[in-house]
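The values are calculated or read from the model by the stated rules, or taken from the named source; none is laboratory data. Being a predicted model, the structure only gives us computed values, none of them experimental. Cβ sites come from the backbone with ideal geometry, for glycine too, and all protein chains shown count toward neighbours. Each accessible area value is taken on the protein alone, full model and side chains, heavy atoms only, with ligands, DNA and RNA left out. Shrake-Rupley method; radii C 1.70, N 1.55, O 1.52, S 1.80 Å.
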Amino acid sequence: QVQLVESGGGLVQPGGSLRLSCAASGSIFSIYTMSWYRQAPGKQRELVALISDGGYTNYADSVKGRFTISRDNAKNTVYLQMNNLKPEDTAVYYCNAHLSQSRYGTNLSYWGQGTQVTVSS
């Protein structure tokens, strides 16, 4: 069994910062791509940022220059540093990981439960 647990969400004023964390635990052999998605009320879930096991990163245009994704492979944890937050960043943020549970296991996708980020004055 694999679990992804997010933390770090909350209420912040425009221009403020938050750091999200997502720790994967359980029976894990290797974690490949780790990502952050978000879903605002009435909107589809969208990719915010991803990081490969080799450190390649990619960002949504709306967050480039403001958000930074990073990972600590020893801790099976991915982070999202969010700076200069805007009201339009308000959403539930979800962590996603593609991983295998054994050397020849299938690459499967797992999701966290989500953490609320609200940007408001």
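Summarising the strand pairing of the chain, around 95 percent of its internal DSSP beta bridges are antiparallel. Length available on full extension from residue 81 to residue 120: 0.36 nm per residue minus the Cα-Cα distance, which gives 12.2 nm. Phi-derived couplings, Karplus 6.51 cos²θ - 1.76 cosθ + 1.60 at θ = phi - 60°, listed residue by residue for region 91-98: 4, 8, 9, 10, 9, 9, 9, 9 Hz, with x used for Gly and Pro. Starting from region 1-64, pick out the chymotrypsin sites (Phe, Trp or Tyr not before Pro) whose DSSP state is loop and whose Cβ has at most 11 other Cβ atoms within 10 Å. Taking region 1-64 and a limit of 11 other Cβ atoms within 10 Å, the loop chymotrypsin sites (Phe, Trp or Tyr not before Pro) found are 29, 56.
Sorting 118, 106 by accessible area (1.4 Å probe), largest first, what list results?
The most accessible residue leads, giving 106, 118.
For the chain, modelled as a Gaussian network with Cα springs under 10 Å, which listed residue fluctuates most, 60, 23, 49? Result for the chain, Cα springs under 10 Å: 60 fluctuates most.
For the chain, the solvent-accessible area of protein heavy atoms averages 53 Å² per residue (probe radius 1.4 Å; ligands and nucleic acids excluded).
For residue 86, the aspartates and glutamates whose Cα falls under 19 Å of its own Cα, not counting residues fewer than eight places away in the same chain, are 46, 61.
Tell me, which longest segment in the chain has none of the trypsin sites (Lys or Arg not before Pro) that fall in DSSP loops with at most 13 further Cβ atoms within 10 Å? Walk me through the numbers on the way to the answer.
Working: sites that count: 43, 64, 103.
Looking at the chain, 1-42 is the longest stretch - no exposed trypsin sites (Lys or Arg not before Pro) with at most 13 other Cβ atoms within 10 Å.
Output wanted: per-residue J couplings in Hz (rounded whole) for region 30-45, from phi through Karplus 6.51 cos²θ - 1.76 cosθ + 1.60, θ = phi - 60°, x for Gly and Pro. Using θ = phi - 60°, the values come out as 8, 10, 9, 7, 10, 9, 10, 10, 9, 9, 8, x, x, 10, 6, 5 Hz.
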